[in-house]
Amino acid sequence: MIGGARQPREYGPPPVPPSHQGCAIRSVRVQLPAQRGELRDRHEDGHHLHHLVWRLGPGVRVCSSAVLGGGIGPRAWILNAQVPGGYPRLDPDRHLAEIAAAEGLTGPGAGLMTAADVAAYTTGHDGGVTATVTTGLGVRGWAAAPESATQAPHRPGTVNIVVTLPTALSDAALVNAVATATEAKVQALLDAGLDCSGTPTDAVCVAAPEPGPDGGEPFAGPRSAWGARIARAVHTAVLAGARTAR
């Protein structure tokens, strides 16, 4: 199951630079189940911002497109951090590492970023799967866009999806789970009446226990047992978020 002790410090994010020390972070102490993360808030450069933290502990691996700690591998935590609109920094991975260090997070982790109101997160649950979504749709469009539409810089509005499940998945199934979550996201956006497939900066994290000798579940497509649960949980969470973020 997800949750437990932290990984050793030597794998953690770098120390907070002096210019960022003293950044006030406090928990609003909404006692959420571990699979939904913990809602925290901080004051940064005159902004009151929120972030969600999942303290996964050992024995969990994540497949993600996260700007910090993306790919497939063991992860001790996931961080989904709100930043101001018109985000000025060019080092989001370092910024996320600073927030993680201020939280005392150690071990390898995955960090997501969004300009959406993280405190307005939505969730979906199905058969042991939990999907937690932050929905920012100010800069939305279709994935297959003309080349001219891909040249402009993109603000981090972002639909961020974090999926947790209690069953180990193989490498292929983890990748398949990210695809399934993305399909369900698009379905939910269309069901909400939006003419888009997402935003240019959407990200997905899927967290599951590390597989044992059996290699884990081999499939996570939308018609497999766990893939179907992932799809329904993500659809529920994205649909709720899209209806309020319009």
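The values are calculated or read from the model by the stated rules, or taken from the named source; none is laboratory data. Predicted, not measured: the structure shown is a model, and the values here were computed from it. So basically every Cβ, Gly included, is an ideal-geometry build from the backbone, and we count neighbours across all protein chains shown. Ligands, DNA and RNA are excluded from the accessible area calculation, which covers all protein heavy atoms including side chains. Shrake-Rupley method; radii C 1.70, N 1.55, O 1.52, S 1.80 Å.
Rundown of residues vs (1) at pLDDT below 95; (2) at positive phi; (3) not in a strand (DSSP E or B), yes/no style:
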site: L79; (1), (2), (3): no, no, no
site: P88; (1), (2), (3): yes, no, yes
site: A97; (1), (2), (3): no, no, yes
site: A101; (1), (2), (3): no, no, yes
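All conditions but one from (1) buried (at least 18 other Cβ atoms within 10 Å of the Cβ); (2) aliphatic (A, V, I, L, M); (3) farther than 16 Å from D202 by Cα apply to I78; the one that does not is (3). Take the conditions touching a residue at least 40 places away in the same chain (Cβ under 8 Å), under 22 Å from L174 (Cβ atoms) and either open to solvent by less than 30 Å² (accessible area, probe 1.4 Å) or of a type in the set (S, T, Y) (or both) and apply them to L49. Does it pass? The answer is no for L49. Scanning region 86-141 for residues that are more than 14 Å from the chain's Cα centre (by Cα) and aromatic (F, W, Y) yields a total of 1.
How many residues does region 215-239 hold that are among the basic types (K, R) and in contact with a strand residue (DSSP E or B) (Cβ under 9 Å, 6 or more places away or on another chain)?
2
Of all the numbered requirements in (1) of a type outside the set (G, A, S); (2) open to solvent by less than 20 Å² (accessible area, probe 1.4 Å); (3) at pLDDT below 95, V118 misses one, and that requirement is (3).
Here's the yes/no breakdown for (1) under 21 Å from W54 (Cβ atoms); (2) touching a Gly at 6+ places or on another chain (Cβ under 6 Å):
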{"site": "R140", "(1), (2)": "no, no"}
{"site": "T158", "(1), (2)": "yes, yes"}
{"site": "T182", "(1), (2)": "yes, no"}
{"site": "C196", "(1), (2)": "no, yes"}
{"site": "D202", "(1), (2)": "yes, no"}
{"site": "A207", "(1), (2)": "yes, no"}
{"site": "P211", "(1), (2)": "yes, no"}
